[in-house]
Every structure is written in structure tokens, then in C-alpha cells.
Amino acid sequence: MKQVMLRNGISVPAIGQGTWHIGDDPRMHDQEVEALRTGIDSGMTLIDTAELYGYGKSESVVGDAIKPYDRSKLFIVSKVLPQNAGRKNMRRACETSLKYLGIDYLDLYLYHWRGSIPLSETVECLQELKDSGLIREWGVSNFDTRDMNELARLKYGENCVAVQDLYHIGSRGTEYSLQPYLRKNNIAFMAYCPLAINGTLRGGIIGNPVLQQVAAVHNASVQQIMLAWAIRGGNVIAIPKSATKEHTLQNAAAGDIALTDEDLKILDKAFPAPDREVPLDVE
Ligand SMILES: NC(=O)c1ccc[n+]([C@@H]2O[C@H](COP(=O)([O-])OP(=O)(O)OC[C@H]3O[C@@H](n4cnc5c(N)ncnc54)[C@H](OP(=O)(O)O)[C@@H]3O)[C@@H](O)[C@H]2O)c1
């Protein structure tokens, strides 16, 4: 499994596990726990969740899944909702997430998307959680380049270690200015919806003949090629969600697929990189 080095020197797997909709259906609990554990055992030790996902239900399933593991070998990410991202609620929201997860610190806490609370207040609260040890690092989500420039001007803004945005082969807008900005400032990029169930082009990608051709050459699935493509640059962490053990194993194996220059050339032709700034694709 390829690794991505964060600014704090911690290395995380380039493919982690998303959890949106995990916990929605209690009948799926054991299958979801098994899939998450299969992912951990296969090297996908980074798990992305959020207070939003089932309002604690997703975090609870993750908590059940990680119980047998050495906490220090895991990298657990959760997110705070915009309405909780201020002085009044953020600490309580973080403690509630920790309770559902059954752990006493988060490796990364993300501001889920921008709301009405001033960004300066949110950043101060994130920094206080870091100083108090409830979170190791913080980052932001659904931020574009303009948001990042605003963040950089704020006190503590330079402490953001990761940005999580929608990114897949059919939605490459962040490559124009955001990803170069992040690379320059040593901030990791987390790609959500890396299998394109959402975002521009939605379901139209899986049947694409060029993707299928590259997949056949690597004896892989189109989804595996999409993950290998997303992490090709070394600074991107993809977080596919799967509640299916077989898919989880395939997603982990995608971390070892090396796309050739020729593969990337034909994929670029079929899915061109942006030649101008485009609005952020969001889910
Ligand atoms: N920050 C944000 O605002 C934000 C927004 C959206 C998502 N996210 C995060 O990003 C994660 C990923 O995004 P997502 O869940 O929307 O979409 P996704 O990971 O792109 O796609 C998930 C879908 O793909 C299927 N799948 C997974 N692996 C597969 C494989 N190898 N072959 C075929 N199908 C496969 C899953 O079904 P099975 O379960 O049956 O495998 C599921 O239906 C989320 O779970 C969440 O943690 C963050």
C-alpha cells in the first residue's frame, strides 16, 4: 500500500475507508464491521467518518470495528458540522464523536463545510482542541482555493494539515489551482467520492471504454483503476466507502497498482484535466 506523508511526519495509507451510509441499516452492522476490519487488515488503517453520518450511527459502527486493534496503528478522521463549528458547540461535538467511536482522541478533525460561524472562530476552536489533546490535527473540507487563501491569512491557519474535497477521474477541477496550492504548502488532499457515485458525470464513468481498456491491461476493475489514478501523484489520499468485503479487498489492492505513463496519457485524453478554474464539485 502506498503511503502519504503528512506535514507532522505521520505516514498514512494512500487509500483509506469512507463510511458515509455505514450504520444506516442496523441489519448491516456485522457485515459493515467485517468489511471495515478487512480493510484495516489489508492496510487501510485510515477511516473517515463524521458526526453527520447517521448522527453517531456511523461513528458507532466504526467504534465497534476498531475495538480489537491497537489504537496507535489507526488513523481516525471525523468531521464537525458547520452549526457546531464554533465556541458554543465544538468541544461538545468532538467529545460526542469520541464517545461514539470509543476512543479518546481523533487523529484528524475536519470542518465539514463552511457555514455562518466566522472562519476565524472555527480555526481558534480547532486549535484549542488540538492543544487540549482531543485531536492530533485538524483540516477542512469542501474548501476551494479562495477559501484556502482566506484560511492562510488567519491566526493558526498555517496549522491545517489536510483538505477533503470531491475528486475522481470525471471531476478534476481541483487540479487547476487547489491541488498545486496544497502541494506547495505541504497540505494533504483527501479525495472523497473517488468512485464517482457523486459529482460531475456521476454514474457515467464505470462503463467508459478507455477506463475498461486500462483495467483489462492491469487485470483490475474500473473502480481499482479509478483509485490508482486518484492517488497517482503521492499527495492524495482516496477514501472509498465499502460495506462489501470483496470490494474492500479490491480497494486495498488498488493501492499497489502502478499506472504507466501510457495509461495516464490515454486516461488524460478521455478525461481531460481542467484548463481553467471551475467551481468546486460538492456532494
Ligand atoms: N467531506 C465531505 O463532504 C464528504 C462527502 C461525501 C463523502 N465523503 C467521504 O468520502 C467517502 C467516499 O465517498 P462516497 O461514499 O460518497 O462514494 P464512493 O466511495 O465513491 O463510492 C461508494 C460506492 O461504491 C461502491 N464500491 C466501493 N468499492 C467498490 C469496488 N471496489 N467495486 C465496486 N463498487 C465499489 C460501494 O458499494 P459497497 O458498499 O457495496 O462496496 C458504494 O456504493 C464517504 O463514505 C465519506 O467518508 C465526504
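The values are calculated or read from the model by the stated rules, or taken from the named source; none is laboratory data. Predicted model, so just to flag it, every value in this text is computed and none were measured. Neighbour counts run over all protein chains shown; Cβ positions are idealised from the backbone, glycine included.
Cβ separations smaller than 8 Å between residues 6+ apart or across chains give the following pairs from the stretch 254-280 residues that are surrounded by fewer than 10 Cβ atoms within 10 Å (Cβ to Cβ) to residues that are assigned to a helix (DSSP H, G or I): 258/228; 269/210; 273/175; 279/173.
Would you please list the contacts, defined by Cβ atoms under 7 Å and residues six or more apart or on different chains, that run from a residue in the stretch 180-198 that is more than 6 Å from the ligand (Cβ to nearest atom) to a residue that is among the polar types (S, T, N, Q) and modelled with pLDDT of 95 or more? Listed by first residue and then by second, the contacts come to 181/145; 189/179; 190/164.
Here residue 246 fulfils each of the conditions (1) surrounded by 14 or more Cβ atoms within 10 Å (Cβ to Cβ); (2) within 13 Å of the ligand (Cβ to nearest atom) apart from (1).
Scanning the stretch 19-49 for residues that are assigned to a helix (DSSP H, G or I) and among the aliphatic types (A, V, I, L, M) turns up 28, 33, 35, 36, 40.
Looking at 65, 93, which one is of a type in the set (Gly, Ala, Ser), over 20 Å from residue 131 (Cβ atoms) and modelled with pLDDT of 95 or more? Of 65, 93, the one residue that is of a type in the set (Gly, Ala, Ser), over 20 Å from residue 131 (Cβ atoms) and modelled with pLDDT of 95 or more is 65. Here the stretch 157-172 is the region considered, the condition is being among the β-branched types (Val, Ile, Thr) and touching a residue at least 60 places away in the same chain (Cβ under 8 Å), and the residue that is nearest to the ligand (Cβ to nearest atom) is 169.
Within the stretch 91-145, the residues that satisfy the criterion of being in contact with an Asp or Glu (Cβ under 8 Å, 6 or more places away or on another chain) and assigned to a helix (DSSP H, G or I) are 91, 93, 96, 97, 98, 100, 101, 119, 130, 145. Does residue 87 meet the test of being in a loop (DSSP other than H, G, I, E, B), modelled with pLDDT of 95 or more and loosely packed, with under 15 Cβ neighbours inside 10 Å? In short, yes. Here is a check on your reading of the model: is residue 231 in contact with a Lys or Arg (Cβ under 8 Å, 6 or more places away or on another chain), surrounded by 15 or more Cβ atoms within 10 Å (Cβ to Cβ), within 26 Å of residue 184 (Cα to Cα) and of a type in the set (Val, Ile, Thr)? The answer is yes for residue 231. Restricting attention to the stretch 16-34, the residues being crowded, with 17+ Cβ neighbours inside 10 Å and touching a strand residue (DSSP E or B) at 6+ places or on another chain (Cβ under 8 Å) number 6. Residues that are away from the ligand (no atom under 14 Å from the Cβ) and modelled with pLDDT of 95 or more within the stretch 7-26 comprise 11, 12, 13, 14, 26, listed in sequence order.
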